[in-house]
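Chemist: Handing you a structure now.
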Amino acid sequence: MNCCCNKQPSDLSLLSSVLNEYKDTKGSLITILQKAQDIYGYLPTDVIYHVAEETGNTPAKVMGVATFYTQFRLSPVGKHLIMLCQGTACHVNGSKRIQAAITEELGITDGETTEDGLFSLKCVACLGCCSLSPVMMINEETYGSLTPEKAVDILRELRAKEEVE
Ligand code: FES
């Protein structure tokens with residue numbers, strides 16, 4: 001399918017082996033979408049249409065599954081995905097102030113990615129380490145007992161590392 005925007009079409013051949021393995025297996029749509037996301041980093045629209053065509057589903061059905069589960073992303077994420085907890089303990093301990101500091105530092109709000117593609121911010125429910133609240137996770141690493149200043153320092157450190165590399 002051709003895209004109407006200027007985005008590069010996805011290389012659908014990357015998904016061939018996944019589709020060959022799963023497309024005829026009942027109930028495998030979520031598995032296919034998980035593997036597609038592993039390959040592309042998110043679920044581009046042309047991939048959704050391709051999966052629909054190959055699995056005999058309507059694009060609306062596949063899109064419905066992709067939007068229902070929070071594990072799926074419909075737009076690309078930055079190299080560093082900041083998952084900022086907004087669960088009760090973190091909320092009580094100031095997660096909104098952390099969010100404001102991140103937004104001021106990076107110029108993005110929940111669900112957005114910086115223009116240079118380095119950072120995405122996603123506000124999430126409890127990350128399971130409330131005793132460290134307020135908490136954020138960046139690329140599997142947990143940062144606890146945050147203050148707005150500490151959060152900004154962490155982001156600046158990550159950015160500085162990128163500039164050295
Ligand atoms: S509420 Fe934030 S880690 Fe539990």
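Nothing in this text is a laboratory measurement; each read-out follows from the coordinates by a stated rule. A quick note: this is a predicted structure, and the numbers were derived from the prediction, not measured. We place every Cβ from the backbone using ideal geometry, glycine too, and count neighbours over all the protein chains shown.
Chemist: Run the simple label-point estimate for residue 26 and residue 145 please: 7 Å along Cα→C-beta, distance reported in nm.
Modeler: A separation of 5.4 nm, rounded to one decimal place.
Chemist: Could you tell me the relative contact order of the chain? Use alpha-carbon pairs under 8 Å, at least six residues apart, and round to a whole percent. Could the numbers behind the result be given before it?
Modeler: On the way: 217 pairs, mean separation 28.9, N = 165.
Relative contact order, the chain: 18 percent.
Chemist: Counting other beta carbons within 10 Å of each Cβ, put 22, 69 in order, fewest first. The partial results should precede the final answer.
Modeler: Details: 22 17, 69 10.
Final ranking by Cβ density, sparse to dense: 69, 22.
Chemist: Taking the Cα centre as origin and putting +1 on Lys and Arg beta-carbons and -1 on Asp and Glu beta-carbons, what dipole magnitude results for the chain, to the nearest 20 debye? Before the final figure, lay out each step's value.
Modeler: Details: 14 positive and 21 negative charges, 111 e Å.
The calculated dipole for the chain is roughly 540 debye.
Chemist: With 10 angstrom as the radius, rank 19, 81 by how many other C-beta atoms surround their C-beta, starting from the fewest.
Modeler: Numbers: 19 19, 81 16.
Sorted ascending by nearby Cβ count, the order is 81, 19.
Chemist: Still on this structure, please answer the following. What's the center-to-center distance, using Cα atoms, between the range 102-120 and the range 38-88 in Å?
Modeler: Value for the Cα centre distance between the two parts: 20 Å.
Chemist: Oh, and also: Find how much the distance from residue 17 to residue 100 grows on full extension, using 0.36 nm per residue of separation minus their present alpha carbon separation; answer in nm with one decimal.
Modeler: Numbers: separation 83, 0.36 × 83 = 29.88 nm, distance 4.35 nm.
Extending this stretch completely gives an extra 25.5 nm.
Chemist: Moving on. Rounding to the nearest 10 and keeping the result within 0 to 90°, find how far the Cα-based axis of helix 29-40 lies from the longest principal axis of the chain.
Modeler: Result, in degrees: 60.
Chemist: Still on this structure, please answer the following. Cα-Cα over 20 Å: which of 35/61; 23/122; 96/150; 23/79; 96/161? Present the calculation step by step, with values, prior to reporting the outcome.
Modeler: Values: 35/61 18 Å; 23/122 31 Å; 96/150 14 Å; 23/79 30 Å; 96/161 27 Å.
Going by Cα-Cα distance, 23/122; 23/79; 96/161 fall outside the 20 Å limit.
Chemist: For the chain, what is the mean residue ellipticity at 222 nm derived from helices alone (per DSSP H run of n ≥ 4: -39500 (n - 2.57); sum divided by total residues; nearest 500 deg cm²/dmol)? Please report the intermediate quantities before stating the final value.
Modeler: Numbers: 7 runs with 74 residues, N = 165.
About -13500 deg cm²/dmol.
Chemist: Here's another thing I want to ask about it. On a 0 to 90° scale, report how tilted helix 148-164 is relative to the longest principal axis of the chain, with both axes built from alpha carbons and the result rounded to the nearest 10.
Modeler: For helix 148-164, the angle is close to 60 degrees.
Chemist: Quick one: grab the alpha carbon gyration tensor of the range 12-68, order the square roots of its eigenvalues as a ≥ b ≥ c, and give me rounded if a/c is under 1.5, else prolate or oblate depending on whether a/b is larger than b/c. Walk me through the intermediate numbers first.
Modeler: Details: a/c = 1.36, a/b = 1.04, b/c = 1.31.
Rounded is the answer for the range 12-68, as its axis ratio a/c remains below 1.5.
Chemist: Sticking with this structure for a sec: Restricting to the range 1-146, what percent of DSSP beta bridges are antiparallel, rounded to 5? Mind showing how you got there, number by number?
Modeler: On the way: 7 of 13 bridges.
Roughly 55 percent of the beta bridges in the range 1-146 run antiparallel, per DSSP.
Chemist: Skipping prolines and chain starts, which residues have an amide H placed within reach, meaning under 5 Å, of the one on residue 124, given they are 5 or more residues away or on another chain?
Modeler: Those qualifying (amide H under 5 Å, at least 5 residues apart or on another chain) are 84, 85, 86.
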